[in-house]
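The values are calculated or read from the model by the stated rules, or taken from the named source; none is laboratory data. No experiment lies behind these values; they were computed from the predicted model shown. Cβ coordinates were reconstructed from backbone atoms using ideal geometry, including for glycine residues, and neighbour counts include every protein chain displayed. Protein only, heavy atoms only, side chains kept; ligands, DNA and RNA dropped before computing areas. Shrake-Rupley method; radii C 1.70, N 1.55, O 1.52, S 1.80 Å.
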Amino acid sequence: MSANRSTYLLAALLSVLAARGLAPEALDPWRGWAAFKQFVREAAEQPDHGVSVQIYPLADRHPIRLVLLRQVLVPEGDRLEPVGGVVCEFWFAPRRWTPAAWDAWTFDSRSFDRFVDLVEQHPTFTDLLTTRPLATAVRWEHA
């Protein structure tokens with residue numbers, strides 16, 4: 001994959017955040033999610049490169065990581081292989097209970113709107129969106 005593609009996609013997400021007055025290092029989760037959905041719609045490609053929401057509790061009484069990922073695939077023979085993606089990441093304080101790890105991919109939904117519905121109905125995701133994060137970041141991550 002060219003460096004231009006990864007730079008373009010990262011710049012596109014940063015532009016959406018800036019247009020909404022959001023700083024990548026201090027994102028409100030709900031507003032960050034809304035901006036991420038806008039970015040995904042504006043950078044849509046066929047075939048679907050894959051968008052994912054992932055919740056990673058690191059361990060009991062440890063921070064919880066919420067990752068919004070827009071993956072990039074490149075052709076290799078007759079397959080598409082991931083090379084990386086644009087990541088919007090949130091770190092949250094530990095909970096009294098440790099949530100189960102969870103992820104959802106656009107590949108598993110008939111449309112992006114159905115994917116959004118699935119994600120927004122997940123109880124841990126909705127809980128995290130109403131919580132102030134410890135830290136946030138937006139970056140390109142290699143596969």
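Some points to look at:
- Scanning region 48-62 for residues that are at pLDDT below 95 and within 16 Å of ASP113 (Cα to Cα), we see that the one that is most open to solvent (accessible area, probe 1.4 Å) is ASP48.
- Of all residues assigned to region 63-74, none qualifies as being open to solvent by 70 Å² or more (accessible area, probe 1.4 Å), at pLDDT below 90 and not small (Gly, Ala, Ser).
- Only one of the numbered conditions (1) out of contact with any Lys or Arg (no Cβ under 9 Å at 6 or more places or on another chain); (2) surrounded by 13 or more Cβ atoms within 10 Å (Cβ to Cβ); (3) on the phi < 0 side of the Ramachandran plot is violated by GLY84, and that is (3).
- Residue pairs whose Cβ atoms lie under 9 Å apart, sitting 6 or more positions apart in sequence or on different chains, and linking a residue in region 61-74 that is of a type in the set (S, T, N, Q) to a partner that is open to solvent by 30 Å² or more (accessible area, probe 1.4 Å) and in a strand (DSSP E or B), are GLN71/PRO82; GLN71/VAL83; GLN71/TRP105.
- Within region 7-30, the set of residues being within 14 Å of LEU66 (Cβ to Cβ) and either among the β-branched types (Val, Ile, Thr) or open to solvent by 50 Å² or more (accessible area, probe 1.4 Å) (or both) comprises ASP28, TRP30.
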